[in-house]
């Protein structure tokens, strides 16, 4: 009996056992999941595509395989397992050495340093949650940069990954907007999230009901979907403007629906960050950005006039008396006390604030790094950002948008928007799945930048070797 026949028999017995032990629906899902796992192990790139699709459509859908995890992170971990297996079999192409990947190298230093605040948090923070699991999940989410270096070996694969990101985002936007228009409540999405097996559902439903005037989505919090739109809309716009046919419709569809979702979710940070990045692109003479700003302003006025609750929301959204603004002011006022209480960070057991204290969290990307990993951790994140900008920055002068540079320019705009939104929210620091998508975008961006600007790559130092003469001297 050959190996293929043995594997077929084993899988047949396994499927039969599942059909007997589980309900028909669960057995079907188990079979589909197992088939997907086997496919990913054989084709790791398909795992990355599936992650991009699932992470943008149902990011926090969970699965319980002994330990509870999001489906997105399970797919990402399985993809890494497949990459390691194929590397062992020498089936993957060699990647450039780390010294020629400055952003990756500095990110690795940040990951290595995180061992210190992790140990500090394990000792100093008393909580029931698992610091080990949270730390490993964060490292997994950061690893997208290294995964792209392994799997996105050419521009065709990068384009396929972008299409997977936009397809999942389009499905999420259509579902979220349709539910909100029908129910006129952010809590209207709750039954769908229950069907997708979201964890802590009672708490989630209570939060959605408390913010019912803002659009609900699989990202759970309106500010979270705002952050994701800030990350993906520039990419969707640049991709759509340089493609034809259904690809053009996909990109521009995500851009238009994403702009509408941004208003319905009323995320101030995302609105401001996208506006600033579009203004920067307009000053660099990127085609269509000036028109896009004007069209966006007209559509915003039209949507506000057609939806009265949005008028009320926008009337107070930038007011100093806004409850959310008052909370943020209190967070900044009490932040020095948090740094004094935990100078080396709180680690990974809990998210700020620490339970049992009078302290508050902080809605700022960089200050949240200080809260979790200390000042050194924040400085390392800044160093990663500087390394990325040195690799990916555009040349001086006007920027032409072409099919060849669309992925680079769109991802550059998205990363800049996410970083600017970090002045108002902290999601791209330690929020799982959102962090993974951010670093996946960084991975795409630096690969495109290295292709477009090869002169920026660090030169490999070579040592000249002189052949010894017979008397022992060198020639």
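None of the figures in this text is laboratory data; all of them are computed from the coordinates on show. This one's a predicted model, so the numbers in the text were calculated from it and none came from an experiment. Cβ sites come from the backbone with ideal geometry, for glycine too, and all protein chains shown count toward neighbours.
Using 7 Å Cα-to-Cβ label points, what is the residue 275/residue 291 separation (nm, one decimal)?
It is 2.3 nm.
For the chain, what does the helix formula give at 222 nm: sum of -39500 (n - 2.57) over DSSP H segments with n ≥ 4, over the residue count, nearest 500 deg cm²/dmol?
It lands at -23000 deg cm²/dmol.
Given the Cα-Cα distance of residue 260 and residue 247 and 0.36 nm per residue of separation, how much length would full extension add, in nm?
Numbers: separation 13, 0.36 × 13 = 4.68 nm, distance 2.02 nm.
Residue separation times 0.36 nm, minus the Cα-Cα distance, leaves 2.7 nm.
Apply 1/(1 + (r/R0)^6) to the Cβ-Cβ distance of residue 94 and residue 39, taking R0 = 25 Å, and write down the FRET efficiency to the nearest 0.05.
Working: r = 24 Å, r/R0 = 0.98.
It comes to 0.55.
At R0 = 41 Å, how high is the FRET efficiency between residue 333 and residue 376 if r is their beta carbon distance? Nearest 0.05 is fine. Intermediate results must be reported in sequence, preceding the final value.
On the way: r = 24 Å, r/R0 = 0.59.
Efficiency computed from Cβ-Cβ geometry: 0.95.
I need 154, 351 ordered by Cβ neighbour count within 10 Å, fewest first.
Numbers: 154 11, 351 17.
The order, fewest Cβ neighbours first, is 154, 351.
Take the alpha carbon atoms of the chain, find their radius of gyration, then divide it by 2.2 N^0.38 Å using N residues; give the quotient.
That ratio works out to 1.05.
Hey, how many Å between the Cα centroid of region 130-206 and the Cα centroid of region 350-367?
24
Expressed as a rounded percentage, what relative contact order does the chain have, with Cα pairs under 8 Å and six or more residues apart?
Contact order relative to length: 21 percent.
For region 31-136, what does the alpha-carbon gyration tensor say about shape, rounded, prolate or oblate, given a ≥ b ≥ c as the root eigenvalues, a/c under 1.5 as rounded, and a/b over b/c as prolate?
Oblate, because a/c is 1.5 or more while a/b does not exceed b/c.
Within region 126-155, find all residues whose amide N lies under 12 Å from a label point positioned 7 Å from the Cα of residue 357 along Cα-to-beta-carbon.
Residues passing the 12 Å test: 126.
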